[in-house]
Amino acid sequence: MRRRAWLIGALAVGLFGLAAGSLGGLAAPKPTPVDLPGARQPGAIPVDVELVIAVDISYSMDPDELTLQRDGYVEAITSREFLDALRGGMHGRVAVTYFEWAGVAEQRIIVPWRLIDGPAAAEAMAAEIAQAPQRRAFRTSISGALRFAAPLFEGNGYDGIRRVIDVSGDGTNNQGPLVTVMRDEVMAKGITINGLPIMLKRPNPTTIDIENLDIYYEDCVIGGPGAFVVPVRERAKFREAIRTKLVLEIAGRTPEARVVPAAAQAPRISCTIGERMWQERWGSGGIDWR
């Protein structure tokens, strides 16, 4: 037991220097299984975490970024750090599903729910992710991704101590419901939303990207007990950031470098900035390339 506590503490301290200075989230009491909607499914398998991985495949993600993103998750799920965190949990197993998203009606499950309880299961899931054809789609609807993700927990056959949606993306919400409305609906179900904002390209006049995407994610996207953001600013650290984020989620830890209550005050960036920028640039018509 002492070794387990030391291991999780070491992971939290040693792995997460890259995110220092731009991590949000507030540690809070974790919901118990009986607190979560649908947790009393007859015959459900108890797990430490039910994790939905939601990855952006909009056209603003170039093919190289898509490859980095996918390879990052493949490597993270099979990494020593991930497997050590897995063994340190109460049950020593987690349930994970992986889907891709873009516009409000564009979500596709790549890997249905899988139980990961050791290296063999982790390798099998990583292989499923790696073998899926790479694709892109129009627009960016974080709210659509959240709306799609939340029902995936119901009737999935697992009973998690925690439920988490892991959202990665390189832009603001510009289609579908307001992202804050969907965030609040998801949080009301006892689900935590964490963010991986991808900030590899500087905004320019030809795009509708914003410079401080990490702040947008902190104030407008993430929420729930222990919610946090791990930004990606360098291609060389893309895979490391994904590994860091998954290990934190599996270990049930929140980065301590910068603790900011999610949505505890007025957003520093307008939560409708994506919709406004889209309207100003293309109006209600035009070809939809983002």
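Could you list all residues from the stretch 117-128 that are part of a helix (DSSP H, G or I) and either touching a helix residue (DSSP H, G or I) at 6+ places or on another chain (Cβ under 7 Å) or not charged (D, E, K, R) (or both)? Give the derivation first.
So in the stretch 117-128, the residues part of a helix (DSSP H, G or I) come out as 119-128.
Selection gives 119, 120, 121, 122, 124, 125, 126, 127.
Can you spot a residue in the stretch 93-101 that is more than 28 Å from residue 170 (Cβ to Cβ), in a helix (DSSP H, G or I) and of a type outside the set (Val, Ile, Thr)? Spell out the reasoning first.
Going residue by residue through the stretch 93-101, those that are more than 28 Å from residue 170 (Cβ to Cβ) are 93.
Still in the list and also in a helix (DSSP H, G or I): none.
The answer is no, given that none of the residues of the stretch 93-101 is more than 28 Å from residue 170 (Cβ to Cβ), in a helix (DSSP H, G or I) and of a type outside the set (Val, Ile, Thr).
Taking the stretch 156-177 as the region of interest, how many residues are modelled with pLDDT of 95 or more and not in a strand (DSSP E or B)?
Total satisfying the criteria: 2.
If the Cβ limit is 7 Å and pairs must be 6+ apart or interchain, which residue in the stretch 225-247 that is within 14 Å of residue 195 (Cβ to Cβ) pairs with which residue that is of a type in the set (D, E, K, R)?
229/214; 229/218; 230/245; 231/214; 245/166
Give me the pairs, please: first residue somewhere in the stretch 116-129 and under 10 Å from residue 86 (Cα atoms), second residue anywhere and aromatic (Phe, Trp, Tyr), beta-carbon distance under 9 Å, and either six or more positions apart or on two chains.
116/82
Of everything in the stretch 151-206, what is more than 21 Å from residue 248 (Cβ to Cβ), out of contact with any Ser or Thr (no Cβ under 9 Å at 6 or more places or on another chain) and without any contact (Cβ under 8 Å) to a residue 60 or more places away in the chain? Give them in sequence order.
151, 184, 185, 188, 202, 203, 204, 205, 206
Just a yes or no: is a residue in the stretch 134-142 assigned to a helix (DSSP H, G or I) and either in contact with a Leu (Cβ under 8 Å, 6 or more places away or on another chain) or at pLDDT 95 or above (or both)? Lay out the reasoning, then the answer.
Step one: of the stretch 134-142, the residues assigned to a helix (DSSP H, G or I) are 142.
Restricting the remaining residues to those that are either in contact with a Leu (Cβ under 8 Å, 6 or more places away or on another chain) or at pLDDT 95 or above (or both) gives 142.
Looking for residues that are assigned to a helix (DSSP H, G or I) and either in contact with a Leu (Cβ under 8 Å, 6 or more places away or on another chain) or at pLDDT 95 or above (or both), one finds at least one in the stretch 134-142, hence yes.
Going by what's in this entry, would residue 95 be described as of a type in the set (A, V, I, L, M) and touching a residue at least 60 places away in the same chain (Cβ under 8 Å)? Spell out the reasoning first.
Details: of a type in the set (A, V, I, L, M): yes; touching a residue at least 60 places away in the same chain (Cβ under 8 Å): yes.
Answer is yes for this residue.
Would you say residue 114 is on the phi < 0 side of the Ramachandran plot, part of a strand (DSSP E or B) and surrounded by fewer than 16 Cβ atoms within 10 Å (Cβ to Cβ)?
Values: on the phi < 0 side of the Ramachandran plot: yes; part of a strand (DSSP E or B): yes; surrounded by fewer than 16 Cβ atoms within 10 Å (Cβ to Cβ): no.
The answer is no for residue 114.
Residues that are buried (at least 17 other Cβ atoms within 10 Å of the Cβ) and at pLDDT below 90: does the stretch 83-102 have at least one? Give the derivation first.
Taking the stretch 83-102 first, the residues buried (at least 17 other Cβ atoms within 10 Å of the Cβ) are 83-86, 88-89, 93-102.
From the residues that got through so far, the ones that are at pLDDT below 90 too are none.
No, the stretch 83-102 contains no residue that is buried (at least 17 other Cβ atoms within 10 Å of the Cβ) and at pLDDT below 90.
Which one of the conditions (1) crowded, with 19+ Cβ neighbours inside 10 Å; (2) not in a strand (DSSP E or B) does residue 54 fail to meet, given that it meets all the rest?
(2)
Is there a residue being of a type outside the set (A, V, I, L, M, F, W, C), surrounded by fewer than 22 Cβ atoms within 10 Å (Cβ to Cβ), at pLDDT 95 or above and in contact with a Pro (Cβ under 8 Å, 6 or more places away or on another chain) anywhere in the stretch 183-202? Quick ask: steps written out before the conclusion?
So in the stretch 183-202, the residues of a type outside the set (A, V, I, L, M, F, W, C) come out as 183-185, 189-190, 192, 194-195, 197, 201-202.
With the extra rule that they be surrounded by fewer than 22 Cβ atoms within 10 Å (Cβ to Cβ), the set shrinks to 184-185, 189-190, 201-202.
Now narrow it down to the ones that are at pLDDT 95 or above: 184-185, 189-190.
If we keep only those that are in contact with a Pro (Cβ under 8 Å, 6 or more places away or on another chain) as well, we get 189-190.
There is at least one residue in the stretch 183-202 that is of a type outside the set (A, V, I, L, M, F, W, C), surrounded by fewer than 22 Cβ atoms within 10 Å (Cβ to Cβ), at pLDDT 95 or above and in contact with a Pro (Cβ under 8 Å, 6 or more places away or on another chain).
For residue 172, are the conditions met, namely being under 12 Å from the mean Cα position of the chain (by Cα) and not aromatic (Phe, Trp, Tyr)?
Working: under 12 Å from the mean Cα position of the chain (by Cα): no; not aromatic (Phe, Trp, Tyr): yes.
Here the answer is no, as residue 172 does not meet what is asked.
The values are calculated or read from the model by the stated rules, or taken from the named source; none is laboratory data. Remember, it's a predicted structure, so these values are computed and weren't measured experimentally. Cβ: placed from backbone, ideal geometry, glycine included. Neighbour counts: every protein chain shown.
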